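J.: Got a structure for you, written out below as structure tokens; questions coming shortly.
The values are calculated or read from the model by the stated rules, or taken from the named source; none is laboratory data. Predicted, not measured: the structure shown is a model, and the values here were computed from it. Because the Cβ atoms are built from the backbone with ideal geometry, glycine has one as well, and the counts that use them run over all protein chains shown. The protein model used for the area step is the full one, side chains on, heavy atoms only, and it has no ligands, DNA or RNA in it. Shrake-Rupley method; radii C 1.70, N 1.55, O 1.52, S 1.80 Å.
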Amino acid sequence: MIKRQGGEPVEAPSLREVPLRGPAGLDALEADLLSGAQVLLVLMTGVGTELLIEGLSQTQPRERVLELLAGSQVSIVCRGPKPHAILKPLGIKPALVVGEPNTWRDVLKELDAHDLVRGRCVYVQEYGRTNEELIAGLEGRAPKSVRQVKTYSWALPEDLAPLHAAIERIARGDAEVALFTSGIQVTHLLRVAEDRGATERLLAGFARLVIASVGPLTTEALLAVGLSPDIEPEHPKLGHLMVALAALAAQKLAKKRAS
């Protein structure tokens with residue numbers, strides 16, 4: 001997409017997803033599903049949804065797992081279209097698909113609007129890290145009945161050379177746009193820069209380029225470390241971000257460097 005817009009992509013992977021051996025929290029979920037308890041299952045990512053189903057299928061036949069998840073006592077909430085895309089071909093219909101911009105605030109708002117928390121055992125499929133704000137919000141609505149299902153974690157890439165090269169390129173002023181599609185990318189980038197003793201030079205380099213964020217959650221992560229995005233698309237999708245970059249990046253870059 002970057003090439004089609006006339007740009008030169010420089011790849012610098014900053015994370016990898018590591019499936020957990022024996023996802024945590026599945027035993028309690030399985031027990032509640034088998035007992036017929038009223039369950040609210042909040043699915044945060046497509047990858048995590050796949051791993052959750054695979055984890056349950058290690059102790060129950062897969063057909064039984066799908067039957068349990070599709071049961072009337074289970075209310076499934078998908079944060080956006082990716083978990084839904086995993087469930088749809090399996091014949092599992094969620095009670096709710098949370099729309100854009102798919103933040104934890106939107107999840108809580110929709111849960112309240114549809115009164116889906118009260119009286120249910122609440123499970124949250126996590127995505128690489130604990131979303132403490134979402135967990136706290138759910139615990140305030142369902143005390144003592146909120147559990148986390150950890151299916152994978154985020155780690156640094158095994159090969160850090162591309163990320164090291166990107167840090168030096170930004171620090172030298174040789175980059176024009178830095179594109180972020182998740183908050184953990186920001187965290188990992190700054191961790192690697194700190195390990196290299198390059199944090200100050202990296203932050204100085206960001207002042208001379210256009211910072212692009214895919215959506216509100218990534219923007220929050222950038223602002224938390226003192227980086228203000230120059231571009232954020234109206235819809236938190238990669239295609240929309242590319243359109244915004246094509247329309248605004250040159251103008252934003254010229255203005256930023258002039259100042």
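J.: Any residue at all in segment 210-217 that is polar (S, T, N, Q) and under 21 Å from the mean Cα position of the chain (by Cα)?
T.: yes
J.: Still on this structure: Got a number for residues in segment 120-148 being among the polar types (S, T, N, Q), part of a loop (DSSP other than H, G, I, E, B) and within 15 Å of the chain's Cα centre (by Cα)? So that I can check it myself, show each step before the final result.
T.: Going through segment 120-148, the residues among the polar types (S, T, N, Q) turn out to be 125, 130-131, 145, 148.
Filter once more, keeping what is part of a loop (DSSP other than H, G, I, E, B): 130-131, 145.
Imposing the further condition that a residue be within 15 Å of the chain's Cα centre (by Cα) reduces the set to 130-131.
Residues that pass the stated criteria total 2.
J.: Right, another one. For a quick check of your reading of the model, give me the residue pairs whose first member lies in segment 205-230 and is closer than 20 Å to Lys255 by Cα and small (Gly, Ala, Ser), whose second is in a strand (DSSP E or B) and open to solvent by 50 Å² or more (accessible area, probe 1.4 Å), with beta-carbon atoms closer than 7 Å and at least 6 apart or on different chains.
T.: Ala212/Val177; Ala212/Leu179
J.: What tally of residues in segment 209-238 results from selecting those that are of a type in the set (S, T, N, Q) and more than 18 Å from Glu133 (Cα to Cα)?
T.: Residues of segment 209-238 of a type in the set (S, T, N, Q): 213, 218-219, 228.
Narrowing further to those that are more than 18 Å from Glu133 (Cα to Cα): 213, 228.
Final tally of qualifying residues: 2.
J.: Is it the case that Thr130 is in contact (Cβ under 8 Å) with a residue 12 or more places away in the chain, within 30 Å of Asp32 (Cβ to Cβ), surrounded by 13 or more Cβ atoms within 10 Å (Cβ to Cβ) and β-branched (Val, Ile, Thr)?
T.: When the stated conditions are applied, Thr130 does not pass them.
J.: Taking Gly80 and the conditions (1) open to solvent by less than 60 Å² (accessible area, probe 1.4 Å); (2) without any contact (Cβ under 8 Å) to a residue 40 or more places away in the chain; (3) over 23 Å from Pro233 (Cβ atoms), which numbered condition does it fall short on, given that it satisfies the others?
T.: The number of the failed condition is (3).
J.: Checking the conditions here, which among Val98, Val146 is of a type in the set (A, V, I, L, M, F, W, C) and either open to solvent by 50 Å² or more (accessible area, probe 1.4 Å) or within 25 Å of Ala31 (Cα to Cα) (or both)?
T.: Going through Val98, Val146 in turn, just one is of a type in the set (A, V, I, L, M, F, W, C) and either open to solvent by 50 Å² or more (accessible area, probe 1.4 Å) or within 25 Å of Ala31 (Cα to Cα) (or both): Val146.
J.: Something else about it: Of all the residues that make up segment 115-127, how many are charged (D, E, K, R), touching a residue at least 40 places away in the same chain (Cβ under 8 Å) and open to solvent by 20 Å² or more (accessible area, probe 1.4 Å)?
T.: Here is the first cut: in segment 115-127, the ones charged (D, E, K, R) are 115, 118, 120, 126.
Checking which are touching a residue at least 40 places away in the same chain (Cβ under 8 Å) leaves us with 120, 126.
From the residues that got through so far, the ones that are open to solvent by 20 Å² or more (accessible area, probe 1.4 Å) too are 120.
Of the residues in segment 115-127, 1 are charged (D, E, K, R), touching a residue at least 40 places away in the same chain (Cβ under 8 Å) and open to solvent by 20 Å² or more (accessible area, probe 1.4 Å).
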